[in-house]
Amino acid sequence: MLELRLFLELAGGGSAFCLDVDYAVSLQRGPVVLFGASGSGKSLTLQCLAGLVRPDGGRIVLQDDVLFDSSQGIWLPARDRRLGYMFQEYALFPHLSVLANVAYARSGGRVWRPDPELRDEALQMLERLGLAHLAERKPGEISGGQRQRVALARALFSRPRLLLLDEPFSALDPLLRERLRGELAERVREAGIPLLMITHDPLDVEAFAASLAVYAGGRAKVFDDYAAVRRGFADTRACLTSLLERVGERQGS
C-alpha cells in the first residue's frame with residue numbers, strides 16, 4: 001500500500017501552483033499510473049515520493065514505512081527510501097560506460113573501479129535486458145531504445161521496493177514507443193517489483209494501469225480498478241476525458 005497526503009505551494013514567474021493530493025493505492029493490484037496534462041502535479045508528486053522535493057505538509061507511507069510526516073518531523077533522505085527512479089530523459093552519465101551507469105546504482109560513487117562482484121552483477125543485469133554487448137559503450141553511442149533499457153537496468157539494479165517511471169516513452173518516436181511498452185511491461189513483471197508510472201499518453205494508461213490516479217490542477221482522484229471503469233466507455237480517450245472532467249469539477253467545488 002502507498003499512502004500519499006501532500007501539500008506544496010510553489011510560486012515563480014508571476015504564477016503560483018498548489019499541489020494538494022490525498023489518496024492511497026494498493027501496489028499489489030498491479031501498476032499504478034498517474035495520468036494528467038503536463039503541469040498538473042504528477043512529476044511533483046513523484047519527486048516528493050522519491051525524496052527529491054520536500055512538501056510543505058502531509059505524510060507519505062510506503063508498505064507501513066513512514067517516509068515523510070510533517071506533524072512528526074519525519075523526512076527520510078532519498079538514499080534511504082530504496083526507490084528506483086527512471087527519469088523522463090533517462091539521466092544517464094554521458095562520460096560513463098553503459099556498465100558503469102548501471103553499477104553506479106550500488107557503487108557508492110566508485111564508478112571507475114567498482115568491486116569485481118558488483119561489476120559482475122551489473123553485467124548480469126545487462127545480459128537480462130539484452131544489453132551485455134553494449135557494456136563498454138557510452139550512452140551517446142547507442143539508440144534511444146537502448147538508452148531506455150540502460151536506465152531501466154540501473155533502476156532495477158538498485159534493488160528497489162518500488163519502481164518510479166516518469167514519462168518513460170516521451171523521448172521515443174511513436175513506432176519505438178509501441179514496441180517498448182510491451183518490452184518494459186515484460187521486464188517489470190519478471191523483476192516482480194511494484195510500478196508507479198507517470199504519463200499523459202492514453203496508450204500508456206491502456207497498456208499498464210491496474211489503478212489510475214487522475215490529476216488536474218494540482219488535485220487528484222484515484223480509480224482503484226481502472227479496467228472496471230474503462231468498460232463503461234467506448235474507448236480509452238472517452239474514458240479518460242470523462243475522468244479528467246470529474247477531477248476538474250472536484251477542483252472547482
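The values are calculated or read from the model by the stated rules, or taken from the named source; none is laboratory data. Since the model is a prediction, treat every value here as computed from it, not as a measurement. Positions of Cβ are backbone-derived with ideal geometry, glycine not excepted, and every protein chain shown enters the neighbour counts.
Does residue 209 satisfy the criteria of being of a type outside the set (Val, Ile, Thr), closer than 20 Å to residue 62 by Cα and either in the same structural domain as residue 19 (by TED's automatic domain parsing) or at pLDDT 95 or above (or both)? It is true that residue 209 is of a type outside the set (Val, Ile, Thr), closer than 20 Å to residue 62 by Cα and either in the same structural domain as residue 19 (by TED's automatic domain parsing) or at pLDDT 95 or above (or both). Of all the listed residues (50, 103, 37, 78), the sole one being in the same structural domain as residue 135 (by TED's automatic domain parsing) and among the small types (Gly, Ala, Ser) is 103.
Here is a yes/no grid of residues against (1) under 19 Å from residue 31 (Cα atoms); (2) assigned to a strand (DSSP E or B):
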{"site": "148", "(1), (2)": "yes, no"}
{"site": "152", "(1), (2)": "yes, no"}
{"site": "176", "(1), (2)": "no, no"}
{"site": "221", "(1), (2)": "yes, yes"}
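Here is a yes/no grid of residues against (1) closer than 26 Å to residue 196 by Cβ; (2) among the charged types (D, E, K, R); (3) in contact (Cβ under 8 Å) with a residue 24 or more places away in the chain; (4) surrounded by 14 or more Cβ atoms within 10 Å (Cβ to Cβ):
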residue	(1), (2), (3), (4)
56	yes, yes, yes, no
65	yes, yes, no, no
71	yes, no, no, no
86	yes, no, yes, yes
97	no, no, yes, yes
107	yes, no, no, yes
134	no, no, yes, yes
139	yes, no, yes, yes
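A count restricted to the stretch 39-59 and to residues that are under 16 Å from the mean Cα position of the chain (by Cα) and at negative phi stands at 12. Of all residues in the stretch 178-196, those being in contact with a helix residue (DSSP H, G or I) (Cβ under 9 Å, 6 or more places away or on another chain) and part of a helix (DSSP H, G or I) number 12. State whether one or more residues within the stretch 231-244 are under 22 Å from residue 28 (Cα atoms), free of Cβ contacts under 8 Å to residues at least 24 places away in the same chain and surrounded by fewer than 18 Cβ atoms within 10 Å (Cβ to Cβ). Yes, that holds for at least one residue. Please determine whether any residue of the stretch 55-71 is small (Gly, Ala, Ser) and assigned to a helix (DSSP H, G or I). Within the stretch 55-71 (the criterion being small (Gly, Ala, Ser) and assigned to a helix (DSSP H, G or I)), the answer is no, since none of the residues qualifies. Residues that are in contact with a Lys or Arg (Cβ under 9 Å, 6 or more places away or on another chain) and either outside the structural domain of residue 196 (by TED's automatic domain parsing) or among the β-branched types (Val, Ile, Thr) (or both) within the stretch 18-34 comprise just one, 21. From the list 215, 226, which one is crowded, with 19+ Cβ neighbours inside 10 Å, among the hydroxyl-bearing types (Ser, Thr, Tyr) and farther than 27 Å from residue 17 by Cα? From the options 215, 226, the qualifying one is 226. Going by the structure shown, is residue 113 modelled with pLDDT under 85 and within 20 Å of residue 188 (Cα to Cα)? Spelling it out, it is not the case that residue 113 is modelled with pLDDT under 85 and within 20 Å of residue 188 (Cα to Cα).
Yes/no per residue for (1) modelled with pLDDT of 95 or more; (2) farther than 19 Å from residue 163 by Cα; (3) not assigned by TED's automatic domain parsing to the domain that holds residue 23:
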residue	(1), (2), (3)
184	no, no, no
196	yes, no, no
213	yes, no, no
234	no, yes, no
247	no, yes, no
